[in-house]
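Participant: Quick one: structure below, then a few questions.
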Amino acid sequence: MIDESVWQELEAHQQTPGRSTRRLHADSPHDIHVSVTHPALRRMLLLGTDARTADAVRQEIQGLPATRGLQLNLSSVSGNHYELQVMLTDDELTEVFTPLVSDIAEVVRDAPTTETAAEAAVRRYVRWQQLLRSVSREGLSRQARCGLFGELHFLLEYVLPAVDQRIAVSSWTGPRQTNQDFQLPGAAVEVKATTARSPQTVQIASERQLDTADSTSLVLAHVVLDDRQRGLGMSLNALVDEIRALLTSPSASQRFESLLVQAGYLPNQRDLYDHDRYTLRRSEFWTVGKGFPRITEAQLPPGVGNCTYTIDVSALAAHSVTAETVLDLIRGTHG
């Protein structure tokens, strides 16, 4: 587990120039370390690799666009030994860097080979670049704020009361861009939040979003909100803080903070999220199964993909379920 105390320990005064390092995931076959340089105190994630792998990823790294505050380097250490280095170069991203490092290290730890580990690290770094570019100085878009509020509301009201908090937080996979927003042992849940006055449809983002091929049960949750500037209602910050206060497990808390950043909720932009206030109007739930109006991957002809479509909620009455049924599905006690 990486937190600020790990960095502070590595940054402790050192008499001679060099690096302080600590290995991560000792059970992994890969050499994954966090490190701090001295005397510059630059924070890094290091992944050891070999010359053959270095050759394979070098061109890909050279073609990446620059990201202010971060660098991805490939450095020769000795002979056949190279390092992939993810370096923090701007203190403004300090609070983002820890979840970034944790995420990349977690993706790499179980990679079957040195080459796949390095490739996974580069892909994950690119995804973080895209995330940081997508979040403007004005923060998340209004639509993204609403979507994040809906997912956090579902986490607070339905998932955390039903399962262990470590399982609950780990099940929130929306920030990791999985097919559904929550993936639990007994069910997957896709959450759609809206502030439309009379929402008649829900937008589905892909042919895999309502595909039940990989899950025993799939729930589509519709969270309908009112939004106001200040005044009544709950801000995104207040909802985040309420969940933080519930998380007594350090590992669950750390993962939650990491997922918030991956969702685009950056610590240095917190002040942007106090004005918008949300009030819940209603929540609706439908189970996705036989007869549910949807498009799935298996239905598409070869060459067709990346489908987005809308579903009229009036066509879903036969699939409606209660909140109690959703809780049973989350607990794995339904049926």
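Participant: Using only the alpha-carbon atoms, how far is helix 114-134 inclined from the longest principal axis of the chain? Give it as 0 to 90 degrees, nearest 10.
Facilitator: Compared with the principal axis, the helix lies near 60 degrees.
Participant: In degrees between 0 and 90, to the nearest 10, how far off the longest principal axis of the chain does helix 236-246 point, with axes built from Cα atoms?
Facilitator: Once rounded, the angle reads 80 degrees.
Participant: Using a probe radius of 1.4 Å on heavy atoms only, what accessible surface per residue do you get for segment 282-326? Whole Å² is fine.
Facilitator: Details: 2670 Å² over 45 residues.
The answer is 59 Å² per residue.
Participant: Express the relative contact order of segment 214-283 as a whole percentage, based on alpha carbon pairs under 8 Å and six or more residues apart in sequence.
Facilitator: Numbers: 62 pairs, mean separation 44.8, N = 70.
For segment 214-283, the relative contact order is 64 percent.
Participant: Go ahead and estimate [θ] at 222 nm for the chain from helices alone: -39,500 (n - 2.57) per DSSP H run with n ≥ 4, summed, over the residue count, rounded to 500. Before the final figure, lay out the partial values.
Facilitator: On the way: 9 runs with 109 residues, N = 335.
Computed ellipticity for the chain at 222 nm equals -10000 deg cm²/dmol.
Participant: Moving on to the next point. When only alpha-carbon atoms count, how far does the chain stretch along each of its three principal axes, as whole angstroms with the largest first?
Facilitator: Reported extents, whole Å, longest axis first: 68, 51, 37.
Participant: For the chain, with all protein chains present and a 1.4 Å probe, just round the carbon and sulfur fraction of the accessible area to a whole percent. Intermediate values should be presented prior to the final figure.
Facilitator: Working: 7730 of 16390 Å².
Carbon with sulfur: 47 percent of the solvent-accessible area.
Participant: Counting only heavy atoms of the protein chains, get the accessible area per residue of segment 11-170 (1.4 Å probe) and round it to a whole Å² value. Walk me through the intermediate numbers first.
Facilitator: Numbers: 7760 Å² over 160 residues.
About 48 Å² of surface per residue is accessible.
Participant: For the Cα atoms of the chain, what angle does the longest principal axis make with the long axis of helix 250-262, in degrees from 0 to 90, nearest 10?
Facilitator: Roughly 80 degrees, rounded to the nearest 10.
Participant: Next up: Find the centroid of the Cα atoms in segment 264-312 and in segment 186-243, then give the distance between the two in whole Å.
Facilitator: 6 Å
Participant: Would you mind working out the magnitude of the charge dipole of segment 222-335 relative to its Cα centre, with +1 at each Lys and Arg C-beta and -1 at each Asp and Glu C-beta, to the nearest 20 Debye?
Facilitator: Details: 11 positive and 13 negative charges, 20 e Å.
The dipole magnitude comes to about 100 debye.
The values are calculated or read from the model by the stated rules, or taken from the named source; none is laboratory data. These numbers were taken from a predicted model, which means no experiment stands behind them. All Cβ positions, even for glycine, are placed from backbone atoms using ideal geometry, and neighbour counts span all protein chains on display. For the accessible areas, the whole protein counts, side chains as well, though only heavy atoms, and no ligand, DNA or RNA atoms are used. Shrake-Rupley method; radii C 1.70, N 1.55, O 1.52, S 1.80 Å.
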